[in-house]
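The values are calculated or read from the model by the stated rules, or taken from the named source; none is laboratory data. In this text the structure is predicted, and so the values were computed from the model without any measurement. Ideal geometry is used to build each Cβ from the backbone, glycine not excepted, and the neighbour counts take in all protein chains shown. Heads up: the accessible areas ignore ligands, DNA and RNA and are worked out on the full protein's heavy atoms, side chains in. Shrake-Rupley method; radii C 1.70, N 1.55, O 1.52, S 1.80 Å.
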Amino acid sequence: MSEEVTIARTTARDDISPAAQVRRATFVLVGSAVLGALALPWLSTSYATTLAIEIMIAAIFASGINLLVGTTGLVSLGQGMFLGLGGYGIGIGTTVLGLPLWLSVPATLVLVATLAAAIGAVCTRTRGVEFLLITLAFSQMFYGAAIKLRLTNGSDGMSGIPRPDLGLLGLNADSPVVFYYYILLVTMLAVAAVWRIAESPFGSVLAAIRESERRAAAMGYAVSSYKVGAFVVAAVTCAVAGILQSQYTYFINPDSMSWQLSGEGVLMVIIGSTTAVAGPLVGAAVFVLAKQGLSVLTTEYMLFFGIFFMLVVAFFRNGVVEAFKSAFRSKP
Amino acid sequence: MSTLEVRSLHKAFGGLDVISNLNLTVPPGQRRAVIGPNGAGKTTFLNLITGWLTPTSGAVLIDGQAVATHPEEVTHAGIARSFQRNLLLEDLTVVENLRVACQAFHPCRRVFWRSKREFGDLFEQARQAAEWMHLTDILEVPVTHLSYGQKRQLEVALALCAKPKILLMDEPAAGTSPQERARLIDLINRLPKDLTILLVEHDMDVVFATCDIITVLSYGKVLATGTRRDIQEDPAVIEAYLGRRHARG
Amino acid sequence: MKRTGILAAAMLFAAGAASQVALAEDLPPLKIGLMLPYKGVYAVPSEGIDRGFQVALAEYGNSVGGRRVEVVRADDELTPNVGVQQFNRLVQLEKVDLVAGVVSSSVGIAVSGLADKAATPLVLVNTFADEITAKFCSPYVARTSFSANGFQYNSGKYWATHGIRTAVIMGPDYSAGHSFLDAFKRGFQEAGGKIVQEIWTPFQKTKDWGAALTQASNSGAQIIYSFYAGAEAVQLVKQHADFGLREKLPLVGDHWIYDQLNWSALGDLIVGPEFITTYLPTAKTEANERFVARYREMFRQDPEVNAELGYDNGKAIMLTLEKLGGRIPADKSQFIATMRGLVFDSPRGKVRFNASNSALLEKVYVVKIKKDPAGNLLPTYVDEFAGAEDLPGCTKSF
Amino acid sequence: MQVFLTQVLNGLQLSMLVYLLAAGLTLIFGLMNILNLAHGAFFTLGAYCGVAVASATGSFWLALLLGPLLPLVLGAVLQSMLLQPLAERGRSTHLDLALLTFGLLFATAGAVEWLFGSAFLAVPTPPALAGHVSLLGISYPVYRLFIIGVGLSVAAGLTFVFDRTLLGATLRAGVDDRAMVTALGVNINALFAAVFGLGAALAGLAGVIAAPLTSVYSQMGITIVVETFVVVVVGGLGNLRGSFYASLIVGMTNAMSQAYLPEVEMFAIYALLIGVMIVRPQGMFRNVERVA
């Protein structure tokens, strides 16, 4: 805290441009966040490490949703289906087909991408609440299928999903600390990739579609193919979260496709502000910590989840990050 | 220099003919206005040309080539348009609006693995489009903060980013103040002379100040085509449209 | 001399007592995580288990070897994902010494894998699926109730030899449902019975058994043999009666279909059907009478099968802790190993464990409910048979 | 054949329960453009009110009468005090409102659990409707026939109001063109609140009559509301008649798949919905009367 204050003072004395100040502050913030994340297992309790793992997995999920909701403006209530497909993909690959993990993961992601392209082609023909309902319908269909199919072991779900074999490095991913660093690495890669996509020429088309789909078409963009593209990227990102989630718990079951979970993802995105880069991270952290705090305080999780959700939608539509920013701006 | 040609265009909604057997040719470099009373089918006509609506029959041609039927393909074929109601990327800055518009014609438009900042030529193109419409001073301002007149200018500038052969404008002066209107007229007149322009407009001052030839539509049919004088003297036009207004004025 | 001897003895005793006190003060309370699905379909049976567990601890004054015993409760919401989160919270944040409870087999499978990797003792209360102590067995995991096979295999044989030749089996489509009914099916078929049809309904998702009952009634079988628990059991019994099948196609099952905790919801529907149970509240054994008396004292009502299972869970833990002097060994698998060696008299009969840490059933009762003139519902003994051995399948040795 | 006949009745009974929710949901959407994801909450509230009244008075019929009252009032209040002001504030799109009601759906389930506990509450079947009758060679529970009866009567009543009364004409006009209703001099806010309340009351009624059949539990509304979405989308958002036919399609699909193709029962209706969407991506959402 005191460190930040001194930085503010020095920059004020240096009298450099506001943009450079922002860049430097961002650099310091990101740098300390990364350092803090790297040092976390050595600084705190094992439970904090476990919570951090849950936050990071949620953050990847939220990043995927954010590309759709925040960047492209398509509100989906069905992204849980891709989280689930990721988990089931490696579950079926490793435990049913007996494939090694390094083969199951890319195969799963390719499969999810293909499936998402097909689903996206149908869903993106609609917009607004209709899009919300059709994505919900698709996810309920997969949810129902996962409960009914023998291949997915019904409502029991699949257990024995392997974590990566890090034997070559002399490490065991069953150890919470090793697993933590594995998750940290994947999270940084995934969040950076989604951020890069949002900042790319392709990403700026998505933003144009969010602002005005008709204008984007008039500009000469084949809107539907960009929307399908966004849908696929979002799906793959959510599937990555699903793979990590299933490795974290060593199994996968139909509940990861429930529409409550999809709703939780959307909530994280709204909490974290749909436009900020760190939004999904912040949203995931606030959400996971609030949920944990609530579960210690009360058993009525659902009541508070619902109220929390309503408050966030009604009053924090631009997210906690934006609220913070404006609070700082209003300071003299 | 391109010719826009519309051949026996026909559009019916249900049993109602909104455009019937419409023929129109705009020669290269001409500034053509399309006017007509409310419900004459002007906006429908523009939507048919630009692929927002599919004609029941008939064809739209540029230099004799048939134009495709999706809006984005029409833009790539060389026809760009502005809208009657502002259709802008409200949360983005002016320069980002223009940059994205220019990017549609850049090979990088599907690139997702590199930052958009790496393609500096697009910023240059955006600045050029801004210059045409006098927007260079407000490049970094988010569109939400612009005045209405500035938004109307941006509306046209976005269409110019497509480097069109033919520019269609749907009531560019709609809702503007007299000062804003004068500014717009000035800017339109300064557009490159080789650009073929088709202007749909309600405001006769704008029409007379910017266009050489005027086509009058009524109930989906061409009533008359000609210079200002031809139109003003055409009894059918006076009957249908001008007469009422000028008689009163 | 004599006085000094007494004094010395007194001092020695005092020192000993002091050291005992010191020992108890040095060691923090023992913490037991109790994880049950307190909400949803299995909320009612979970409440019973929790009460029975409390009775077992109260029997020891909530302390063992001079250490206080604390219970930290967690709700797994019948969901494996939540179960894993709660297990991690209990072990890492609450720092519990061991975790007890768990009803659903799917949650059981998920957390037993975790307990194995985290080397934390897990003493399961229900989770009857055979594979928990077979395919997924672990030196850190024990089950104090019984396996599906132990309960249902001989039930199949019993009904097949008591006039039932054909049956439809109907159950929830998840591991416990399949384990129970597959065990019944094996016993039934080996004794010459014929399963005409199998109907599986989506677990936790089914509210309407209309379609299932319609198909069963057209199968031509003599009975429906079924396993459901909690809310699903109430719905099935009611709808079975609504379709007028009580005479034509009786619904036979176990003490969860006709769970005592659901009797008020079922009204007179409970009177008549025969079902199997592991616990007879009226049994005249010393262990049971002590349990019933304490339970009545604490909760002003009679115990039933879920409370008994909860009691066994708590009792096994307290007996093990007592043997270990209130300390958890450094090698935590020794806790479970000690439990495996227990043999004790429980309200349901003699409890012993097999080599893969699963408790075995001494006997199973066949009962039916009768109404006395005062309107009280009384479980009445009809018959009994022995519990079966567990299915093999544990490849680890410990 | 007996199985088929019973399943037709089961499907019909299921259809009518969903129809009671769908009718309100589709009218609210058609008139106010609000996708009320919290519609299932009124189903839950109706059921719990029914339980409370039935256990206090011992009369199912009183419960049937009083159960829908609370949803009626709460629905009207929700619309006029929360949703309408938010919609008018302009910042909230109808997507925001949909998300807001999503939160409300879960908050209600949580609140009910907090007040009544999480156990499944059983409601006795009223004695007059208990037991079963034999018809066409099958025996069928009287109570389920009662549900079918209630559903059909409500459908008939709604159709009459919608097609033959001044209120119906106003509603039809409102679904087609909101501005027109205001022009007619109708107090639009009162009309919106009334329709919202009526829709909520119908959902509450469905909750009361479902109680003896399926028990009462906190998440009952969350389960059924997804099926209701399928119905209103297949029927065309805002199309009352369409939602009746769609209820029948969805109910029958459910019942028949349970009996003849249990492998697909959990997702048959969603596959149906997606099929509809592929064939008529925009069309199914449009009000049929408006297109014609």
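Quick look at the values:
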read-out: Cβ charges +1 (Lys, Arg) and -1 (Asp, Glu), total dipole of the range B:1-85, debye; value: 300
read-out: Surface per residue (accessible, 1.4 Å probe) for the range D:2-279, Å²; value: 35
read-out: Two-site FRET efficiency, C:LYS323 against A:SER44, from Cβ-Cβ distance with R₀ of 35 Å, rounded to 0.05; value: 0.45
read-out: Charge context of A:ALA193, other residues only, Cβ under 14 angstrom, K/R +1, D/E -1; value: +1
read-out: Computed E for A:LEU169/A:LEU189 - FRET, C-beta separation, R0 22 angstrom, nearest 0.05; value: 0.80
read-out: Qualifying trypsin sites (Lys or Arg not before Pro) for the range A:96-189 [loop in DSSP, other Cβ within 10 Å: at most 12]; value: A:ARG150
read-out: Accessible surface buried upon A-B contact (total; probe 1.4 Å; Å², nearest 100); value: 2400
read-out: Computed accessible area, B:TRP52, all protein chains, 1.4 angstrom probe, square angstrom; value: 60
read-out: Cα-centred dipole magnitude for the protein assembly as shown, charges only on beta-carbon of K, R (+1) and D, E (-1), debye, nearest 20; value: 840
read-out: Local net charge near A:ALA62, Cβ-Cβ under 14 Å (Lys/Arg +1, Asp/Glu -1); value: -1
read-out: Computed helical MRE - 222 nm, chain B, DSSP H runs ≥ 4 contributing -39500 (n - 2.57), nearest 500; value: -9500 deg cm²/dmol
read-out: Max mean-square fluctuation residue, GNM over chain B, Cα-Cα springs under 10 Å, options B:ASP194, B:ASP137, B:ASP63; value: B:ASP137
read-out: Summed residue charge, Cβ within 10 Å of A:GLY144's Cβ, Lys/Arg positive, Asp/Glu negative; value: +1
read-out: Overall form of chain A per C-alpha gyration tensor (a/c, 1.5; a/b vs b/c); value: oblate
read-out: Dipole of chain B [Lys/Arg +1, Asp/Glu -1 at C-beta], most positive-end residue of B:GLY14, B:ALA182, B:LEU24; value: B:GLY14
read-out: Normalised contact order of chain B, rounded percent, pairs of Cα under 8 Å and 6 or more residues apart; value: 28
read-out: Overall form of the range B:42-110 per C-alpha gyration tensor (a/c, 1.5; a/b vs b/c); value: oblate
read-out: Top of A:ALA234, A:ALA59, A:ALA137 by mean-square fluctuation, Gaussian network on chain A, Cα under 10 Å; value: A:ALA137
read-out: Solvent exposure, largest accessible area first (probe 1.4 Å, DNA, RNA and ligands not counted), of A:LEU189, A:LEU244; value: A:LEU189, A:LEU244
read-out: Loop GluC sites (Glu not before Pro), the range C:216-275, which have at most 13 other Cβ atoms in a 10 Å radius of their Cβ (DSSP); value: C:GLU247
read-out: Probe 1.4 Å - accessible area at C:LYS396, Å² to nearest ten; value: 90
read-out: Chain C, dipole about Cα centre (Lys/Arg Cβ +1, Asp/Glu Cβ -1), debye to the nearest 20; value: 720
read-out: At least 24 Å along the helix axis (C-alpha) and Kyte average at least 0.0, DSSP helices within chain C; value: C:2-26, C:43-59
read-out: Folded to 0 to 90 degrees: helix D:2-32 orientation relative to chain D principal axis, Cα; value: 20
read-out: Positive-end extreme of charge dipole, chain B - chosen from B:LEU158, B:ILE214, B:VAL74 (charges on Cβ); value: B:VAL74
read-out: D:HIS132 - accessible surface, heavy atoms, 1.4 Å probe, Å² rounded to 10; value: 80
read-out: Highest-MSF residue in chain C out of C:ALA330, C:ALA307, C:ALA160 [GNM, Cα springs under 10 Å]; value: C:ALA330
read-out: Chain D: angle of helix D:94-116 to the longest principal axis, Cα-based, in degrees nearest 10; value: 40
read-out: Share, in percent, of DSSP beta bridges within the protein assembly as shown that are antiparallel, nearest 5; value: 50
read-out: Chain D: angle of helix D:240-260 to the longest principal axis, Cα-based, in degrees nearest 10; value: 30
read-out: Farthest toward positive dipole pole in the range A:51-257 [+1 Lys/Arg, -1 Asp/Glu at C-beta], among A:GLY98, A:VAL110, A:GLY86; value: A:VAL110
read-out: Percentage relative contact order, the range B:87-163, counting C-alpha pairs under 8 Å, at least six apart; value: 49
read-out: Kyte-Doolittle mean at least -0.5 and Cα axial length at least 27 Å: DSSP H helices in chain A; value: A:18-43, A:46-66, A:101-123, A:128-148, A:176-199, A:223-249
read-out: GluC sites (Glu not before Pro) within the range B:72-141, DSSP loop, no more than 14 other Cβ atoms inside 10 Å; value: B:GLU140
read-out: Gyration tensor (alpha-carbon) shape descriptor, the range B:29-74, a/c threshold 1.5; value: oblate
